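The values are calculated or read from the model by the stated rules, or taken from the named source; none is laboratory data. On a predicted model such as this, the values are computed, not experimentally measured, just so you know. Glycine also receives a Cβ, built like all others from the backbone with ideal geometry; neighbour counts cover every protein chain displayed. Side chains are part of the model used for accessible areas, which takes the heavy atoms of the whole protein and leaves out ligands, DNA and RNA. Shrake-Rupley method; radii C 1.70, N 1.55, O 1.52, S 1.80 Å.
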Amino acid sequence: MLMRNITFNETGDRKLLPLVMYRHNLIKRQKRCVLAYLANRLFRLKRLRWHVGPILPPEIKACINESESAWFNKYSRILAEYMASIHDGYGLNLTNDIKPPKSLYIEVRCLTDYGKFELESGEIILLKKNSQHFLPKLQCEQLIRQGILQHIT
């Protein structure tokens, strides 16, 4: 693709035109590559929000820059506000499974030492590595996605 309407003064040298055009096209290509790379990173951050929740794991947080972290926090806030506004103000968690659960409780195994975990009922459970528990599915789904718990089938 050549640039049109390039004017030269009377002493201008047309020998430089191909070099200028090549450099301009090279800069445009590099810009497209950088924008595609950045769009891919934001897409991955968006996907992470749906899989691991509003708090990024430390190994991911160490790999993103300040502006990406701000974007992720803003996206999480917007998504949380939207989910809170659904269902006549009662809220609906869209990040849960779409299929209805067969059982309200599932058996899980703790893969790491997590510490204390408080259920909605107020009961506090100590999650230690290799311990097994029978917990409400909705309350432990986030920990399953983060790799702290494993669903035992």
Check your understanding: Within segment 119-130, is there a residue that is in contact (Cβ under 8 Å) with a residue 24 or more places away in the chain, among the hydroxyl-bearing types (Ser, Thr, Tyr) and under 25 Å from Glu141 (Cα atoms)?
Key -> no
Check your understanding: How many residues does segment 81-91 contain that are modelled with pLDDT under 70 and surrounded by 12 or more Cβ atoms within 10 Å (Cβ to Cβ)?
Key -> 0
Check your understanding: Say we look at segment 1-25 and pick out the residues that are open to solvent by 80 Å² or more (accessible area, probe 1.4 Å) and assigned to a helix (DSSP H, G or I); which of these is modelled with the lowest pLDDT?
Key -> Arg14
Exercise for review: Could you list, in sequence order, all residues of segment 92-113 that are open to solvent by less than 100 Å² (accessible area, probe 1.4 Å) and within 23 Å of Ile55 (Cα to Cα)?
Suggested key: Leu92, Asn93, Leu94, Thr95, Asn96, Asp97, Val108, Arg109, Cys110, Leu111, Thr112
Exercise for review: Of the numbered conditions (1) touching a Gly at 6+ places or on another chain (Cβ under 9 Å); (2) open to solvent by 60 Å² or more (accessible area, probe 1.4 Å), Ser76 fails exactly one; give the number of that condition.
Suggested key: (2)
Exercise for review: Confirm whether Leu35 is open to solvent by 80 Å² or more (accessible area, probe 1.4 Å) and free of Cβ contacts under 8 Å to residues at least 24 places away in the same chain.
Suggested key: yes
Point to revise | Within segment 114-133, considering residues that are open to solvent by less than 50 Å² (accessible area, probe 1.4 Å) and in a strand (DSSP E or B), the one nearest to Arg49 (Cα to Cα) | key: Phe117
**Study point:** Residue count for segment 52-61, restricted to those that are free of Cβ contacts under 8 Å to residues at least 24 places away in the same chain and either β-branched (Val, Ile, Thr) or not in a helix (DSSP H, G or I) (or both)
**Key:** 3
Point to revise | Condition check for Ile64: surrounded by 10 or more Cβ atoms within 10 Å (Cβ to Cβ) and either in the same structural domain as Phe134 (by the TED database) or closer than 29 Å to Lys128 by Cα (or both) | key: no
Practice item. Could you tell me which residue of segment 134-150 is nearest to Ser103 (Cα to Cα), considering only residues that are of a type outside the set (S, T, N, Q) and assigned to a helix (DSSP H, G or I)? Key: Lys137
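Let's see how each residue does on (1) over 12 Å from the mean Cα position of the chain (by Cα); (2) assigned to a loop (DSSP other than H, G, I, E, B):
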| position | (1), (2) |
| --- | --- |
| Ile27 | yes, no |
| Ala36 | yes, no |
| Arg44 | no, no |
| Trp50 | no, no |
| Cys63 | yes, yes |
| Asn73 | no, no |
| Ala80 | yes, no |
| Leu92 | yes, yes |
Study note, to complete from the structure: Of (1) surrounded by 15 or more Cβ atoms within 10 Å (Cβ to Cβ); (2) assigned to a loop (DSSP other than H, G, I, E, B); (3) not hydrophobic (A, V, I, L, M, F, W, C), Thr153 fails just (1)
